[in-house]
Amino acid sequence: MKKITILFAALLICSVNAWSQKIKYEKSFEEAKIKSQKQNKPLAILIAMQPPVSVVNFLGGLANEDVASKFNNNFINYKIDFSPNGPDTSTSKIIRTYKVNTFPAFIFLDSKGGLMFKDFGNSTSSQKYLLMADKAIATSKEKSLVDFDEEYKNGTTSRLFLKEYILKRKSVGITTNELLIEKYADFLSVADLDDYQEVLFILQAGPLLDGKAYKLAYINRKIIDSIYKTEPLNEKVKFNNIIIGNNFTSAVNEKNTTRAYALSNFVRGTWSNNYKEGQKQSSLKMIQYYQAVKDTNNYLQQASYYYDQYYMNIGMDSIKKLDSAMVANRGKMIMGSSIARDTSISQNGQIVRVIREQKTVVTSGSGSSIANELNNAAWTFYLIGTKNTTYLTKALFWSKRSSELSPNIAAYYDTLAHLLYRLSFYAEAESTQEKAIEMAKQQNENTKQLQDELTKIKNKTL
C-alpha cells in the first residue's frame, strides 16, 4: 500500500510538472489586453496553425520548460489557433490590424497596447523563443508607440520628435511613413542633404515620388549614387519596395493617375540592369492601378496587351524557363505586391495564398507563378462582367495556358468553365467544371462551391 501511495504521489508530481511547463493562455483577446494593462506586463499573441501529422510541428520549441517559464513569468499570453479553412472574423481583424502575413506568428504588444514587434514562430529550437522573449522584455521598457501616437495627435511635430516617431514606427514594421517624412523635410536645409545618413533616412521612410522629401533627397546625386552603390542589395530592395507600396496605395486612394505614372517610371528604373524586365514590371504596375481604381476600359486594354505580349507570344518551353527564372530570382525582385491576400494551410502542410474575391490558389510547392498570373487575369476579366467576345476569348486562352502549365490545380479549370459558360459554350463548361471537381477531390479539397457552380451551369443560372 505504501509503495502504491508513493507511486501515485510521484505520478501526481510529474503531472503537475508537465502542466507547469506549458504556456498559460488567456481565454479571449479582450481579457488578455485588460490583464496586460492591469499587471503592466507585455502581451504575447501567438497565431498558430496545427500542422498535419506528416509535417514537423512548427512550434516544438515552445514546449521547452525554460521557454514556458519565461513566457508565463514575463508576459500575458493569448493564443489563436488558425483553422486550415482560414481565419475567423476576430482572427482576421487581428491579422489585418497588425499586418501579419507569415504564419505561425508572434505579435508582441506593450502593456499600453502599443505594437513592439512581430516575429515568425517556426522553430523546434527553444533558443529562438528565448531570444524572442528577451527582445520583447527589453523593448517593453522603451517609450510606447501609443505615447508617440498621442503626442503626434496633440500637435508635437519637432524635427527630433518626427525622426524618433518614424524610427519607432519602422522598428515595429510600420512602413507607411510618407506623410511624416514630408513634415520632417520641412526642417531640412540644403547642407543636411549632403549627409549620407539623412538622405538614406528619407528613402527608408518611403516618400511620395512627387513630394518634397523625395525631391530634396535627389538634390545631391552623388549621395544618391553612393547609397545605391554602397547599401546591401536586401536594404535597397527593402526601401524600394516601401516607396512602391506607399506610392501605389496613395495613388489608388486619391485616384491620382499622375502619381501612378511616376510610380510606373520608378519601377522601371529599379531594373536598371534589365530594361526588358523593367518595362514589363512598369506596365504591370499601371495595370494593377487601373484595376484597383476600377478604370475598366484602361484595365482591359492594357491587360490584354500585357498578357498576350509577355506570356502568349512565346512557346511553352520558353514560359517554363521564364517561370523557373522568376522563382530563382524572386529574392531579387523589388516590385511591391498590391493584391491583398489571405493565408491558410493546405492538407499537405504547404502554405496556401488565397487571393481575395478570386477562387484561385497557389501553393508553395509545384505551382507555376506564370500560370497563377494568367489565371488571375482571366478570372478578373470574368469578374468584371465584360460581354466583349474579344476580351473573353483572350481570357479563355490565358486560362487554357494556365491549366497546361499547372494541370493539377482545380481552380484553374473552374476559371476556364466560367469563361466557356460566358461565351455560351455550355456543354464544354459543364465538362470542364466536372474536371475541376474531380481534380479537387484528388487534392482532398472541399468541393462544395465547385459543385454549386456546376449546378448553376447545368441550370444555365450562372
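By the count of neighbouring beta-carbon atoms within 10 Å, fewest first, LYS236, LYS22, LYS27 end up ordered LYS27, LYS22, LYS236. Between ASN73 and PHE161, the modelled labels are 3.9 nm apart [label points 7 Å from Cα along Cα→Cβ].
Going from the fewest other Cβ atoms within 10 Å to the most, the residues PHE381, PHE103, PHE266, PHE71 appear in the order PHE266, PHE103, PHE71, PHE381. Other residues with beta-carbon under 12 Å from the beta-carbon of TYR165 carry, at +1 per Lys or Arg and -1 per Asp or Glu, a net charge of +3. Legend: ranking of residues TYR290, TYR25 from fewest to most surrounding C-beta atoms inside 10 Å; resulting order TYR25, TYR290.
Distance check, please: which entries in LYS99/LYS153; LYS128/LYS153; LYS27/LYS118; LYS294/LYS400 exceed 32 angstrom between their Cα atoms? Could you put the intermediate results ahead of the total?
Working: LYS99/LYS153 22 Å; LYS128/LYS153 37 Å; LYS27/LYS118 21 Å; LYS294/LYS400 26 Å.
Going by Cα-Cα distance, LYS128/LYS153 fall outside the 32 Å limit.
Readers should treat all values here as calculations from the given coordinates under stated rules, not as data from a laboratory. Note that the coordinates shown come from a computational prediction; the quantities given were computed from them, not determined experimentally. Positions of Cβ are generated from backbone atoms using ideal geometry, with glycine treated the same way; all protein chains shown enter the neighbour counts.
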